[in-house]
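The values are calculated or read from the model by the stated rules, or taken from the named source; none is laboratory data. Just so you know, these numbers come straight off a predicted model, no measurement behind them. Note that we place each Cβ from the backbone using ideal geometry, even for glycine, and neighbour counts take in every protein chain shown.
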Amino acid sequence: KKRVLSGAQPTGILHLGNYYGAIKNYVDLQENQDAFYTIVDLHAITVNHDPKELRESTRMTAALYLASGVDPNKATIFVQSQVRAHTELTWLLQCATPIGWLERMIQYKEKSRKLRRVEEDENEDEEVKRKSRESVSTGLFTYPTLMAADILLYRADLVPVGEDQKQHIELTRDIASRINDKFGGRKWKKRGGRGGRVLTIPEPYIPPVGARIMSLQDGTSKMSKSAENDGSRINLLDTPKQIETKFKRAKTDLFEGLEFGNPERPEATNLLSIYQLATGQTKEQIVSECGSMRWSEFKPKLAEAVIASLEPLQSRYNELLADPAYLDGILKEGAEKAAAVADQTVTDVKDAMGFVV
Ligand code: TYM
């Protein structure tokens, strides 16, 4: 069995991108692998947050994992902040991570640019600019080392994620190799370590379709929880009416027919891919069914398929909401199981690095 670890941030409601890029694969992988799925609340505080909203979103995200089919009898589900080893290993990893590696991270560059956009505005007030600059926290910068800790603590072989997280997993691999090179090897083996390796080098697990679901308003930018326009994404808890409206307003083009893969038609590729995922058909089937359709014909079908695919998830979600004690119980049990694995890794790394353990 392979060890699997993944996680999502509890900011807002999970959307179709999260579902097709990641959560759906959590569900597939739990069948035959040893899976750990976490709600990464410590990552959610790298940007401005509201305590009440964080608490609510954390439970909501956990409930959405379960409603999506993540099964506590098959996988370990836990909240990151409830397992102390995550913050502890992060420090150890940070001291082995060159600043330059973090400076290259695209997600950091994008997020910090967004946060400090006001700075470039010549007409903006100095005080406002200062505030904007100060809204980029150190945690936003070191974020990927916390993510590396999440993965390495469980000695994960596979990490199911969407395309946007690939660079973070490459960084995780680099950090792990560095620790292994510096502190693993013969000395570590002599102390009883496993085959000379302190940490396991993980692989990303990225789906062939759905790895990058795009915004409904712009087929060249990804669907995201933080985009201002809620019409740019389908949230897993959207009502049928909302889903219909969002697809009706989704950006299209003036070409005839529908096709995958035309670089001038990113919206067509995106909406056809969503249709493919919602119906579980092959690309060929979709092309033969929809290739000659007009947008006005296709959009209601798409909405209908997505509504139907989310319906079972939404009714399970409502059942779970009715019983918060059940959910908290699962998370508590998950955290205990996770801590047992994670604590051992921290002890191993500390031992290899020369701490008195
Ligand atoms: P997050 O919370 O932004 O997203 C959760 C998962 O959803 C995927 N995803 C997408 N997939 C396809 N299309 C999209 N438009 C789309 N948007 C998001 C993400 O790739 C992710 O798999 N840093 C991570 C959370 C994290 C993590 C980890 C993941 C922290 N520690 C350890 C894996 C392992 C993040 O911000 O994901």
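Within the range 151-167, can you find the residues that are surrounded by fewer than 22 Cβ atoms within 10 Å (Cβ to Cβ), part of a helix (DSSP H, G or I) and not polar (S, T, N, Q)? Passing the criteria: E163, D164, K166. Scanning the range 234-272 for residues being among the aliphatic types (A, V, I, L, M), part of a loop (DSSP other than H, G, I, E, B) and more than 12 Å from F298 (Cβ to Cβ) gives a total of 4. Report yes if some residue within the range 51-59 is of a type outside the set (D, E), at pLDDT 95 or above and outside any helix (DSSP H, G or I); otherwise report no. Among the residues of the range 51-59, not one is of a type outside the set (D, E), at pLDDT 95 or above and outside any helix (DSSP H, G or I), which makes the answer no.
Restricting attention to the range 217-233, which residues are part of a loop (DSSP other than H, G, I, E, B) and either away from the ligand (no atom under 11 Å from the Cβ) or charged (D, E, K, R) (or both)? Scanning the range 217-233 gives Q217, D218, G219, T220, K225, E228, N229, R233. A search for C-beta distances below 7 Å between a residue of the range 248-268 that is at pLDDT below 95 and any residue that is assigned to a loop (DSSP other than H, G, I, E, B), counting only pairs 6+ apart in sequence or on different chains, returns nothing. Looking for something within 14 Å of the ligand (Cβ to nearest atom), among the hydroxyl-bearing types (S, T, Y) and buried (at least 17 other Cβ atoms within 10 Å of the Cβ) - is there at least one such residue anywhere in the range 244-262? No: the range 244-262 contains no residue that is within 14 Å of the ligand (Cβ to nearest atom), among the hydroxyl-bearing types (S, T, Y) and buried (at least 17 other Cβ atoms within 10 Å of the Cβ). Listed residues A325, A338; which is assigned to a helix (DSSP H, G or I), among the hydrophobic types (A, V, I, L, M, F, W, C) and exposed (fewer than 12 other Cβ atoms within 10 Å of the Cβ)? A325 is the lone residue from the list that is assigned to a helix (DSSP H, G or I), among the hydrophobic types (A, V, I, L, M, F, W, C) and exposed (fewer than 12 other Cβ atoms within 10 Å of the Cβ).
Being in contact with a helix residue (DSSP H, G or I) (Cβ under 9 Å, 6 or more places away or on another chain), outside any helix (DSSP H, G or I) and assigned by TED's automatic domain parsing to the domain that holds K332 narrows it down to one of A35, A22, so name that one. Of the residues listed, the single one that is in contact with a helix residue (DSSP H, G or I) (Cβ under 9 Å, 6 or more places away or on another chain), outside any helix (DSSP H, G or I) and assigned by TED's automatic domain parsing to the domain that holds K332 is A35. Scanning the range 111-151 for residues that are over 16 Å from the mean Cα position of the chain (by Cα) and within 13 Å of the ligand (Cβ to nearest atom) gives G139, T142. Among the candidates S296, S315, the residue that is among the polar types (S, T, N, Q), at pLDDT 95 or above, exposed (fewer than 15 other Cβ atoms within 10 Å of the Cβ) and over 27 Å from Y65 (Cα atoms) is uniquely S296.
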